[in-house]
1. Step by step: first the residues of segment 195-225, then only those that are of a type in the set (Gly, Ala, Ser) and in a helix (DSSP H, G or I), then the one that is nearest to residue 64 (Cα to Cα). Which residue is that?
2. Quick check on residue 187: is it outside the structural domain of residue 237 (by TED's automatic domain parsing), out of contact with any Phe, Trp or Tyr (no Cβ under 9 Å at 6 or more places or on another chain) and in a helix (DSSP H, G or I)?
3. Please verify whether residue 304 is among the charged types (D, E, K, R), at pLDDT below 75, within 30 Å of residue 427 (Cβ to Cβ) and out of contact with any strand residue (DSSP E or B) (no Cβ under 6 Å at 6 or more places or on another chain), treating the condition exactly as stated.
4. Determine if segment 78-90 includes at least one residue that is among the hydroxyl-bearing types (Ser, Thr, Tyr) and surrounded by 16 or more Cβ atoms within 10 Å (Cβ to Cβ).
5. Do we find that residue 71 is touching a Lys or Arg at 6+ places or on another chain (Cβ under 8 Å) and without any contact (Cβ under 8 Å) to a residue 60 or more places away in the chain in this structure?
6. State all residues of segment 425-445 that are out of contact with any helix residue (DSSP H, G or I) (no Cβ under 9 Å at 6 or more places or on another chain) and outside any loop (DSSP other than H, G, I, E, B); if no residue qualifies, say none.
7. Answer yes or no as to whether residue 520 is under 26 Å from the mean Cα position of the chain (by Cα), of a type outside the set (Phe, Trp, Tyr) and within 19 Å of residue 442 (Cβ to Cβ).
8. Looking at (1) touching a helix residue (DSSP H, G or I) at 6+ places or on another chain (Cβ under 6 Å); (2) at pLDDT below 70; (3) more than 30 Å from residue 515 (Cα to Cα), can you tell me which one residue 602 breaks?
Amino acid sequence: MSIHLRSQGLASFPDTETLIRDSWHRCYEHYRLEPDRIPEPDVLTQAEFGVVRAPTDELAALAQGELDRMMRQLGDHVHLLMLADPQGTLMDLRVDPQFETDCRAALITPGAQFTEQSQGTNGIGLCLKTRSSVSVVMGEHFAHRLSGLSCTVAPIFGQRGELAAVLNVTSLRPSSKSLHQIARTIVESSAKRIENRSFDLRCAGKIVLKLSTSGDFCDPAGEARIALDENARLIDATPSALKMLGATDEIYGQRIDGFRDLDSLIQALDNSRPVIHLPSGAYNIQLASTSSREVRKDLRSSSRKTRSGPRYRFESDHDSPNTPPRARGAQSTRPAICLEDIAGTDEATIKEIHIARRLYERGLPILLQGESGTGKTLLARALHESGPNRTGKFVSINCAAIPAELIESELFGYRAGAFTGASRNGSRGRLLEADGGTLFLDEIGDMPLPLQSRFLQALSEKEFVPIGANDSVKVDFCLVAASLRNIDDMVRQQAFREDLHYRIRGATINLLPLRERSDLDQLIQAILQETADSEGMGRTHLSSSARQALLKHDWPGNIRELQHVIRYALALSDGPVIDADCLPKSLLKTSRNPDHSQAQSQDDAQQTIIDALQQFDWNVSRAARWLNISRSTLHRRIVSLRLQRPDKSLYESTTP
């Protein structure tokens, strides 16, 4: 094989890396390619490209600043910058103007696909194959027509280490390996910054920690990220963080040594130079800025409480803990979360919240129903802060987030040595923590049936016996429960106890989805301004086009989705006015009054293909040339459109 490769011109690079040789081997032996017979890349139609680019729209927006940075740093040495998706499809390009015509002629354009299987050894394809940074310099390219260019590519990883995109810089003139060794450092750093910014946005509102060997955290390129849930379990991490942890994907859902609970995290963050000790060494840690100021403030205030007191609990994933929109002229004496803020000016919501307030003040239990993100947790907390029990604690429990085998001990507590693995100091339990305050049971529909019976008894008798104890303890709290699921249906299906349903439902309060609220415009502006204020950005406004896009959006994620979109837009805005260009591209493509132009263009494209095939008697080669696409692309579209040949024998006889 080495003689065969040298005969193809690879001998001029005696230091060719093993991965290049392996790639050439795959090209010959597995893909059956020939260097002088590599076809031009397939290019997606506009309709196809519109579908595949949606998942990388936000990443492309985050990459713009890094593309500018790389262009400044590499100057005249590179002429083309590209962002490609995990399938090798070019998503975004920056081209030196003097090479624009050449790139178009070579089909280096958005929608073009560069994989190892179709184009032979190339930077994008090899990076996708190896999931690592690579440089392919001139003759290391398998295709003869690509041997005049050199490229350096770095991967960008997404959720739980999935490959999200690759970042590529290309020299279109003769170049050298030494230059691209320098370029690799720059491209890797830019890819890491994009990866970490995407992580921060994706995990906004979670407990996001930055890990670094440097204590100043001045450059995201040198950092790793981990995200923890309210029980200090790992829910996401960048690949570099997993490497620091010395762990694999199996660690997700587990606690990290050194952070067995939120108390240990708080203690670590309270140090003058917070550090975590991992198998690979000691690393500086810092709370990411996307953890809101409220989260940061609560972490610090919690650290000042006595360690014998209750643990600080973060909000559940189902509702954002962020402070709701604050009305103008609000007095500083108002609670941090105010019922009037949540009600807004929507009449139906005002009526529901009025009922909830009256019932809560009289100690009646309340069941909150509504879609994910409609603000059930916010309402529960607001009822607590505005009610007679506000001097007590607000204790939130997500019944869906706690494993079934642990939820009983979490609720009722246990005595020391009550079971294997129990803390030597025992646990008070969440019910006792809520004594004199409010107990909020989120996703109560996920409470295991056997536990429902014991919980019903505790509610009825206002006392219970902790696990492993002999004596009962008395409790008195206001109960607010919430669920996405229809509890009435669960009762009919015998998946939820009917007697417990009646016990928790003094009244059912239904929270409207955002798309049905009459005050959507006011909510958008209020959340925008409050978020901008929290980031120190001052007065901020939406352009007319941005406002219309937000008003037309269907908001399946409700208030939580709106908060995420606002944070995203503020991160991309450069001034006080937010234009539609700052909004996620996926949002601009979905609305309650959708533009059918994309669907129409897909129908037109399908009919054009059918007409071409009929015109040339299903001769695929001639039809492809007439359509100005490759034969393989046309074959793929025939399959995807499920087009049927009128006469198979004729088709085979006329197709080369």
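The values are calculated or read from the model by the stated rules, or taken from the named source; none is laboratory data. Note that the structure is predicted; figures quoted are calculated from it, not measured. All Cβ positions, even for glycine, are placed from backbone atoms using ideal geometry, and neighbour counts span all protein chains on display.
1. Going residue by residue through segment 195-225, those that are of a type in the set (Gly, Ala, Ser) are 198, 204-205, 212, 214-215, 221-222, 224.
Subsequent filtering for residues that are in a helix (DSSP H, G or I) retains 198, 221-222.
Details: 198: 13, 221: 16, 222: 19 Å.
Among them, the one singled out is 198.
2. Yes: the conditions hold for residue 187.
3. In short, yes.
4. yes
5. yes
6. 433
7. No, not satisfied.
8. In the conditions (1) touching a helix residue (DSSP H, G or I) at 6+ places or on another chain (Cβ under 6 Å); (2) at pLDDT below 70; (3) more than 30 Å from residue 515 (Cα to Cα), residue 602 misses (3) alone.
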